[in-house]
Amino acid sequence: MKATSEELAIFVSVVESGSFSRAAEQLGQANSAVSRAVKKLEMKLGVSLLNRTTRQLSLTEEGERYFHRVQSILQEMAAAESEIMETRNTPRGLLRIDAATPVVLHFLMPLIKPFRERYPEVTLSLVSSETIINLIERKVDVAIRAGTLTDSSLRARPLFNSYRKIIASPDYISCYGKPETIDDLKQHICLRFTEPASLNTWPIACSDGQLHEVK
């Protein structure tokens, strides 16, 4: 059986305080529980860590080596926990964001300066792409996409509504005419997206109150 972190902490406390009773008082445990934990640790290791007398405690040779290693380990654990807690209170590190090019240019870029001022410890990495990506494989923290999220274990949050418009240049209208109906629209030259293909289906609300889809 392997030693637990609680057993290690009790052992170190006993050595640092110099007695089982003082260690028990500091840890808020019964004296018997502290003594039992140290004995259990010794049984797991197969060695005696402490020389016990009625007056004092002293470390054995094995106990001396073990104490310094364990003390260092517990200090590292405490430091690691402190760093994690500090990170929770003060965001820091690398934040990778992947979004479509228009979103990066028109929505994210203007927010970089105020974001950096608010979170100076965070390094931003912006990537523009139009396809659906695997966030884990690409090591992306946040992806911004249009449309409905497919079945996924990822957490999603709606940011804003995006509306599409059917537009044409004056030169195009003068050359090919202006479509008046959906059937007219199907005969015109349209620019399409390569990815995602779902953007090539246009939902159009007509005057009859019906929603028609044009592909």
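The values are calculated or read from the model by the stated rules, or taken from the named source; none is laboratory data. Predicted model only: the values in this text are computed from it and were never measured. We place every Cβ from the backbone using ideal geometry, glycine too, and count neighbours over all the protein chains shown.
The set of residues in region 38-60 that are outside any loop (DSSP other than H, G, I, E, B) and over 16 Å from Ser13 (Cα atoms) comprises Met43, Lys44, Leu45. Of everything in region 169-186 that is modelled with pLDDT under 90 and under 48 Å from the mean Cα position of the chain (by Cα), the residue that is surrounded by the fewest Cβ atoms within 10 Å (Cβ to Cβ) is Lys186.
From the list Glu16, Glu7, the one residue that fits, being surrounded by 15 or more Cβ atoms within 10 Å (Cβ to Cβ) and of a type in the set (Asp, Glu), is Glu7.
Quick check on my filter: what residues within region 80-110 are loosely packed, with under 12 Cβ neighbours inside 10 Å and either of a type in the set (Lys, Arg) or touching a Ser or Thr at 6+ places or on another chain (Cβ under 9 Å) (or both)?
Pass one, region 80-110, residues loosely packed, with under 12 Cβ neighbours inside 10 Å: 80-86, 88-90, 93-94, 101, 106, 109-110.
Correct list: Arg88, Gly93, Leu94, Thr101.
For region 113-135, a tally of residues being in contact with an Asp or Glu (Cβ under 7 Å, 6 or more places away or on another chain), among the β-branched types (Val, Ile, Thr) and surrounded by 11 or more Cβ atoms within 10 Å (Cβ to Cβ) returns 2.
Residues that are in contact with a helix residue (DSSP H, G or I) (Cβ under 8 Å, 6 or more places away or on another chain) and over 24 Å from Pro102 (Cβ atoms) occur at least once in region 178-187.
Every residue in region 202-215 that is loosely packed, with under 10 Cβ neighbours inside 10 Å and either under 19 Å from Pro102 (Cβ atoms) or of a type in the set (A, V, I, L, M, F, W, C) (or both), please. Of everything in region 202-215, those that are loosely packed, with under 10 Cβ neighbours inside 10 Å and either under 19 Å from Pro102 (Cβ atoms) or of a type in the set (A, V, I, L, M, F, W, C) (or both) turn out to be Ala205, Leu211.
In summary, Gln75 fulfils each of the numbered conditions (1) closer than 30 Å to Arg145 by Cβ; (2) exposed (fewer than 12 other Cβ atoms within 10 Å of the Cβ); (3) at pLDDT 90 or above with the single exception of condition (1).
Given Arg164, Arg138, Arg157, which one is surrounded by 10 or more Cβ atoms within 10 Å (Cβ to Cβ) and modelled with pLDDT of 80 or more? Walk me through how you get there before you give the answer.
Numbers: Arg164 fails: modelled with pLDDT of 80 or more; Arg157 fails: surrounded by 10 or more Cβ atoms within 10 Å (Cβ to Cβ).
Every option except Arg138 fails the conditions.
Being farther than 19 Å from Lys2 by Cα and among the small types (Gly, Ala, Ser) is a condition met by at least one residue of region 30-47.
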